[in-house]
Amino acid sequence: MLKQTTAVTLLNLRSIPQRWGMSLTTVLSIALVVGVLLGFMAMASGFRATVDGAGSDDVAIMLRGGAMAEMNSNISRDEVRLLEVAPGIAASPEGEPLISSELYVVADGIRRASQTPANLALRGLGLHGPDMRPQFDLVEGRMFEPGSAELVVGESVQREFEGFALGDSVRLGNNNWTVVGVFSTGGSVFDSEIWTELGVVQNLYQRGSSVQTVRARLTSPDAIEALREYVENEPRLNLEVLSERAYFARSAGGTTNLIMFLGWPLAIAMAIGALAGAWNAMYASVDARTRELATLRAIGFGGFPAFIAAMVEAIVLAFFGGLVGAVATWILFDGVSASTLGSGFTQIVFAFAVTPDAVVQGVILAMIVGFLGGFVPAMRAARIPLLAVHAD
Amino acid sequence: MNDATLVRKNLFRKRLRAVLLMISILIAFLIYGMLGAMQNAFSMGTEGAAQDRLVTVNRINFTVALPYAYWGRIQQVEGVRTVAPASWFGGYYQEPQNFVQSFAVDPESYIEAYPELVFQEDQRLAFIEGRTCAAVGQALATQYGWTVGERIPLMSNIWQQQDGSQAWELDICAIFDDADGTYPTNYLMLHYEYFNESLLFGRDSFHWIAITTEDTSQNDRISREIDELFANSPAETSTTTEAAFNAAFMEQFGNIGLILTWVIGAAFATILMIVGTTMVMAVNERTREIAVLKTLGFTAPRIFRMVLWEALLLSFIGGLIGLGLAALAAQGASAALAGFLPSFGLTWTNALTAIAFMVALGLITGILPAWNAMRVRISEALGKV
């Protein structure tokens, strides 16, 4: 039985080149299905990686209760003072609490790809701002001087938007700024931002002494409980305390879900279309070999080997289709930079990421298409009557 | 038996194969129709009245506010008919996840600037009169099951009142619809005065100002004059047509059009290959029959036409069913997504483009087999064993 099955399967696979037109169609159509699925998944996981990568467990972020997003939040100078003495916050070598009051405003940048304006975050931070981003690294130039209209820009901003080269003079809002440095935070959302000193933003944008958020470096991830308890028991504070990771996970959800909700149904719809194609191709393959299969039956081969052989053919073709789709998507899309409007109402630059996990899912989808598409034709192959030997 | 019958019989001679091909084609047109409808939702508000209306926002960015006084000053620019200021309210209902698109407006000027909104006369007057009144779009009212006369607390995720509360109590006085289904009705309007008087911060400012003019050919001049009016002030303005403003905003989400084009391209490439190779194969199988037809006196052009018609028929059956399903599905999806996207559906342009695609698909997949069929040589074909 095993010998028979192997023999018929090999016979089948070796004859694929004789039917190359239909076989190639099957491979390519399945490749396109997998390509569409992986394209969407790469977009979703790239976006997620960028936003999630920004969140750290030992940084706490505090917003006004109910604000949900930094942009809507508002914290007064008095509240910041109360937070400076809160428990659970790490201290700098000089003994100051490691907290950073921050305020961002929206500025227009010109996208390189489309030459259209898009919202960029211009963030003012405190002295300890960079300490809140563990992967912060000044790639070029120097940090901004407090009190002067100087900017350090994220690497992603420089890549996607025009006019942010080191030394450039930039007009944002009603003011001229000078780019004095370029920073990286390892591809996180902060790379899509422009930073300057907090006081400068408060001044130039008439924000008085209020800020939007306060970030604090915790002594340990568990210390957030102590901080939260302090904030809840202090009647003068109406703030929500979150770990930065939890904050970013919450704000990434919407966009990634939207992409996935669009991607999967599309891929499944296309898979049904390709399924019909694969079914057809397998039918043609079985039809073309009716005589051959009947002859095998006549000389004593069973129906089961014929069934297995046809199934193997279908699945092998589908597998190759999946692989071609995955490789093509990887070559075309992996690392491609794109940007979209994030929950903060500013652009988030991210890179498409074709992950191994997504490739596995894509290939599995391909093989399901192959299996379903091959099943009925394979049954037919198993049931070819002996008299079909005389077919023309 | 005429040619049409022959074409039909040929197409369905292997019924399963024909059905499978139709499913492939159906799926491609379903995807095309759904994505087309979705794109309509995104491009909504970039045509019609929006071409004539002007929008003034802060030049820094539309999220930055404009002073209250601009309302009166813009009114004095020559040729301006109505000036309708508005502010983001950032509303949500009960839970922060239940986002409610909401603006604080001056009701009288807003309704005048947006004549495409349809009100019942008594409700319109009630909305203008009642200080705590809100007017709710039909789509939004359906989503939350709101009816006229109801009182709802609407929370803001941006604003705070002096007493620390973030909820504004609103009476639903009017439910409005749009004149012809091309404008979104998934938002809510409340009185600017009611909103403004209790604000803790950010009082007496607007986020955007919609302007209609006496003569739309003067729009360029009026835009320029408005922006010159506030040049070199702390809040410089940028005035464009509403259509341009909306298009620029959608552009911020990324190149949605390009992504949709890629997907539709992939779907059509798939069926083109599947249908194309199958048609070639189907005609090859019939070589001997075609030779018989030729022997019976069918001319080569006639055979060419018959094969081409077969491909077109296949493409049209699958395509039209797919397009029909897409129209139905778009209606369903539009109802389900009422809170996020304005209502959307297929337009005549979508349908006509789809039909053009069906013709193209039929011709492309039919031409090679038709050519092969036409060139069948009787002696060779019938000589084959």
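Suppose R0 equals 22 Å. What FRET efficiency, 1/(1 + (r/R0)^6) with r the Cβ-Cβ distance, do A:Arg383 and B:Glu289 give to the nearest 0.05?
Between A:Arg383 and B:Glu289 the formula returns 0.25.
When DSSP beta bridges are limited to those with both residues in region A:66-237, what percentage is antiparallel, rounded to the nearest 5?
Values: 26 of 36 bridges.
Antiparallel: roughly 70 percent of the beta bridges in region A:66-237.
Give the shape of the protein assembly as shown as rounded, prolate or oblate, defined through the alpha-carbon gyration tensor: a ≥ b ≥ c are the square roots of its eigenvalues, a/c under 1.5 means rounded, and otherwise the shape is prolate if a/b is larger than b/c and oblate if not.
prolate
Where the only charges are on Cβ atoms (+1 Lys, Arg; -1 Asp, Glu), what is the dipole of the protein assembly as shown about its Cα centre, to the nearest 20 debye?
So the magnitude is around 5840 debye.
Stretched out fully, how many nm does the piece from A:Ser148 to A:Val336 gain, at 0.36 nm a residue minus the Cα gap?
My answer for the length gained is 64.1 nm.
Given the DSSP H assignment, sum -39500 (n - 2.57) over each helix run of at least 4 residues in chain B and divide by its residue total; what's the result at 222 nm in deg cm²/dmol, nearest 500?
-17000 deg cm²/dmol
Round to the nearest 10 and give me the degree value, 0 to 90, for the angle of helix A:356-382's Cα axis relative to the longest principal axis of chain A.
Approximately 20 degrees, to the nearest ten.
So what's the projected area for chain B, the Cα convex hull averaged over all directions, in nm²?
Projected over every direction and averaged, the Cα hull of chain B covers 25.3 nm².
What GluC sites (Glu not before Pro) does region B:184-218 have in DSSP loop regions with at most 13 other beta carbons within 10 Å?
Sites meeting the loop and neighbour criteria: B:Glu214.
Amide H neighbours of A:Leu120 under 5 Å, at least 5 residues apart or on other chains, H built in the peptide plane: list them.
A:Ala107, A:Asp108, A:Gly109, A:Gln347
Counting only DSSP beta bridges with both residues in the protein assembly as shown, what percent are antiparallel, rounded to the nearest 5?
Rounded to the nearest five, the antiparallel share is 80 percent.
For the residue pair A:Arg171 and A:Arg77, what label-to-label distance in nm results when each label sits 7 Å from Cα along the Cα-to-beta-carbon direction?
3.2
Which whole-number percentage describes the relative contact order of region A:320-392, with Cα contacts under 8 Å and a sequence gap of 6 or more?
29 percent.
Return the sequence-ordered ³J(HN,Hα) values of region A:220-230 in whole Hz as given by the Karplus equation 6.51 cos²θ - 1.76 cosθ + 1.60 applied to θ = phi - 60°, using x for Gly and Pro.
Once θ is set to phi - 60°, the couplings for region A:220-230 become 7, x, 6, 5, 4, 5, 4, 5, 4, 4, 4 Hz.
Cross-link candidates for B:Lys294: which aspartates and glutamates have Cα within less than 15 Å, leaving aside residues fewer than 8 places away along the same chain?
Within the straight-line limit of under 15 Å, B:Lys294 reaches these aspartates and glutamates: B:Asp3, B:Glu380.
Evaluate the relative contact order of chain B (contact order divided by residue number), counting alpha-carbon pairs under 8 angstrom at least 6 apart; express in whole percent.
Working: 643 pairs, mean separation 108.7, N = 385.
Here the relative contact order equals 28 percent.
Once amide H atoms are placed 1.01 Å from N in the peptide plane, what residues at a sequence separation of 5 or more from B:Leu66, or on another chain, have their amide H within under 5 Å of its amide H?
B:Phe206, B:His207
Between B:Ser233 and B:Lys9, how many nm apart are label points set 7 Å from Cα along the C-beta direction?
8.2
Say the dipole of chain A comes from +1 at the beta carbon of Lys and Arg and -1 at that of Asp and Glu; which of A:Ala31, A:Trp330, A:Ala107 then lies farthest toward its positive end?
My answer, from the dipole projection, is A:Ala31.
What angle, in degrees between 0 and 90 and rounded to the nearest 10, separates the Cα long axis of helix B:348-374 from the longest principal axis of the Cα atoms of chain B?
The angle comes out at about 20 degrees.
Output the 0 to 90 degree angle, nearest 10, between the alpha-carbon long axis of helix B:15-43 and the longest principal axis computed from the alpha carbons of chain B.
Approximately 20 degrees, to the nearest 10.
Would you mind checking which residues have amide H under 5 Å from B:Tyr92's amide H? H placed 1.01 Å from N; only 5 or more apart, or other chain.
Amide H neighbours of B:Tyr92: B:Val100, B:Met155, B:Ser156, B:Asn157.
Compute the separation of the alpha-carbon centres of region A:85-153 and region A:168-247 and state it in Å as a whole number.
Centre-to-centre (Cα) distance: 7 Å.
From a point 7 Å beyond the Cα of B:Arg203 in the direction of its Cβ, which residues of region B:160-175 have a backbone N at a distance under 19 Å?
Of the residues in region B:160-175, B:160-169 have backbone N under 19 Å from the label point off B:Arg203.
How large is ³J(HN,Hα), in whole Hz, for each residue of region B:240-255 in order, when computed from phi with the Karplus curve 6.51 cos²θ - 1.76 cosθ + 1.60 and θ = phi - 60°, using x for Gly and Pro?
Here the 3J(HN,Hα) series is 9, 6, 4, 4, 5, 4, 4, 5, 5, 5, 4, 4, 5, 6, x, 7 Hz.
For region B:65-234, what is the charge dipole size about the Cα centre, in debye to the nearest 20, if Lys and Arg each add +1 at the Cβ and Asp and Glu each add -1 at the Cβ? Could the numbers behind the result be given before it?
Values: 8 positive and 25 negative charges, 87 e Å.
In total the dipole reaches around 420 debye.
In a Gaussian network model over chain A where Cα atoms closer than 10 Å are linked, find which of A:Val214, A:Val354, A:Val316 has the largest mean-square fluctuation.
Evaluated over chain A, the most mobile residue of the options is A:Val316.
Run the helix sum for chain A: -39,500 (n - 2.57) per DSSP H stretch of 4+ residues, divided by residue count, reported at 222 nm to the nearest 500 deg cm²/dmol.
On the way: 10 runs with 189 residues, N = 392.
Roughly -16500 deg cm²/dmol at 222 nm, from the helical runs in chain A.
Principal axes first, then extents: for the Cα atoms of region A:234-392, list largest minus smallest coordinate on each axis, whole Å, largest first.
Taking the Cα atoms of region A:234-392, the three principal extents are 93, 34, 22 Å.
Just grab the label-to-label distance for A:Lys3 and B:Glu78, each label 7 Å out from Cα along the Cβ direction, in nm (one decimal).
If labels sit at A:Lys3 and B:Glu78, their model points lie 10.4 nm apart.
Using Cα pairs closer than 8 Å and at least 6 residues apart in sequence, work out the relative contact order for region B:1-138, in percent. Let's see the in-between values first.
On the way: 66 pairs, mean separation 14.3, N = 138.
Here the relative contact order equals 10 percent.
Based on alpha-carbon centroids, what's the gap between region A:12-71 and region A:344-386 in Å, whole number please?
Here the answer is 13 Å between Cα centres.
From the phi angles alone, apply the Karplus equation (6.51, -1.76, 1.60; θ = phi - 60°) to region A:188-204 and give each ³J(HN,Hα) in whole Hz, x where the residue is Gly or Pro.
Per-residue couplings from phi come out as 7, 4, 5, 5, 8, 10, 10, 10, 8, 7, 3, x, 5, 5, 4, 5, 6 Hz.
Just name one of A:Ser243, B:Leu368, A:Gly124: the one whose Cα is farthest towards the positive end of the charge dipole of the protein assembly as shown (beta-carbon charges, Lys/Arg +1, Asp/Glu -1).
Of A:Ser243, B:Leu368, A:Gly124, it is B:Leu368.
Identify, among B:Ala326, B:Ala311, B:Ala291, the residue whose Cα sits farthest towards the positive end of the charge dipole of region B:248-385, taking +1 on the Cβ of Lys and Arg and -1 on the Cβ of Asp and Glu, with the dipole about the Cα centre.
B:Ala291
Any read-out appearing in this document is the output of simple, stated calculations on the displayed coordinates, not a laboratory observation. This structure is a prediction, so every number in the text was calculated from the model and none was measured. Here the Cβ is made from the backbone with ideal geometry for all residues, glycine too, and neighbour counts use every protein chain on show.
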